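Structure first, then comments.
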Amino acid sequence: MAGQDGGDPLEGFRIDESTKGWLLTLYKAFAVPSVVAAVCIFSDLLLPGGGMDGGRVVGKGIYFTEGVHRYVEIRGKHFHYREELSRRVFGLLREGDRVVLYLTPLFKEVKRLEVFRGQTRLGAFRVKEPFYMVVFGLFALSTLLPFWLGNELFSRRFFVLVVASPLLAFASVVLLIKLCLVLLGVMPRL
């Protein structure tokens, strides 16, 4: 058995030519929703405007999953937000602070927030969500690799891509469906 006797753990990753052709076509089809999702994500981050929402800080919390994550809960006029923040911004905010949130135009994600305590402006701060959106967009663009790699895609060194490409395509389809629901007004925001 491969892998147990020191053999190649990917020995079973050999695909005949007819199956490669079919899989390559399937993977290229997977690229379409992923590229559309990536274009939407990058457009969303680069387009000006997007609207604003205002609200109050209603809670703060910390959770420990793969490190320490600090978040604040904000009850806005239009939406309810739970935003991950840096330690400095987390320490600055108190329950009851007034917050103005600047949103992206398509996904209605928070780009940055402005904090007020009473009549005093405490500052404007960026949130972490745009970073995660960019990372997902770049991963989604990786589904274009089958166009450049062709049958070379099915070599051992691209094993992770062979597995990840359909998963990214599925996540992109889900993201696009949610975007459509947001744009149609069925869902308030992603």
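Nothing in this text is a laboratory measurement; each read-out follows from the coordinates by a stated rule. These figures come from a predicted structure and were not determined experimentally. Neighbour counts run over all protein chains shown; Cβ positions are idealised from the backbone, glycine included.
Structural descriptor for the chain: relative contact order 24 percent, calculated from alpha carbon pairs under 8 angstrom and at least 6 residues apart.
Residues whose amide H lies under 5 Å from that of Lys60, counting only those 5 or more places away or on a different chain, are Glu73; hydrogens are built 1.01 Å from N in the peptide plane. Within the chain, the longest run free of exposed loop sites, counting GluC sites (Glu not before Pro) that sit outside DSSP helix and strand states (H, G, I, E, B) and have at most 13 other Cβ atoms within 10 Å, spans 96-190. Pairs of lysines in the chain whose Cα atoms sit within less than 22 Å of one another amount to 14, provided the residues are eight or more positions apart or on different chains. Among the chymotrypsin sites (Phe, Trp or Tyr not before Pro) in segment 13-42, those located in a DSSP loop and surrounded by at most 15 other Cβ atoms within 10 Å of their own Cβ are Phe13. Shown is the FRET efficiency for Ser86 and Thr25, computed with R0 = 41 Å from the Cβ-Cβ distance and rounded to the nearest 0.05: 0.35. The convex hull around the C-alpha trace of segment 71-190, projected and averaged over every direction, spans 9.6 square nanometres.
Per residue, the average separation of C-alpha pairs within less than 8 Å and at least 6 apart gives segment 49-126 a relative contact order of 29 percent. Applying both filters, DSSP loop and at most 13 other Cβ atoms within 10 Å, to the trypsin sites (Lys or Arg not before Pro) of segment 36-113 gives Lys77, Arg94.
Backbone amide hydrogens, once placed in the peptide plane, bring Glu109 within less than 5 Å of Thr104, excluding anything fewer than 5 places away on its chain. If r is the Cβ-Cβ distance from Cys180 to Glu17 and R0 is 41 Å, what FRET efficiency results, to the nearest 0.05? The computed FRET efficiency comes out at 0.60.
Classified by the C-alpha gyration tensor, segment 49-126 has an oblate form. Its axis ratio a/c, with a ≥ b ≥ c, is 1.5 or above, and a/b does not exceed b/c. Across segment 90-102, computed HN-Hα scalar couplings (Karplus, 6.51 cos²θ - 1.76 cosθ + 1.60, θ = phi - 60°) run 4, x, 6, 6, 10, 4, x, 4, 8, 10, 10, 10, 9 Hz from first to last residue, x flagging Gly and Pro.
Evaluate E = 1/(1 + (r/R0)^6) for Val173 and Arg117, where r is the Cβ-Cβ distance and R0 equals 41 Å; express this FRET efficiency to the nearest 0.05.
E between Val173 and Arg117, to the nearest 0.05, is 0.45.
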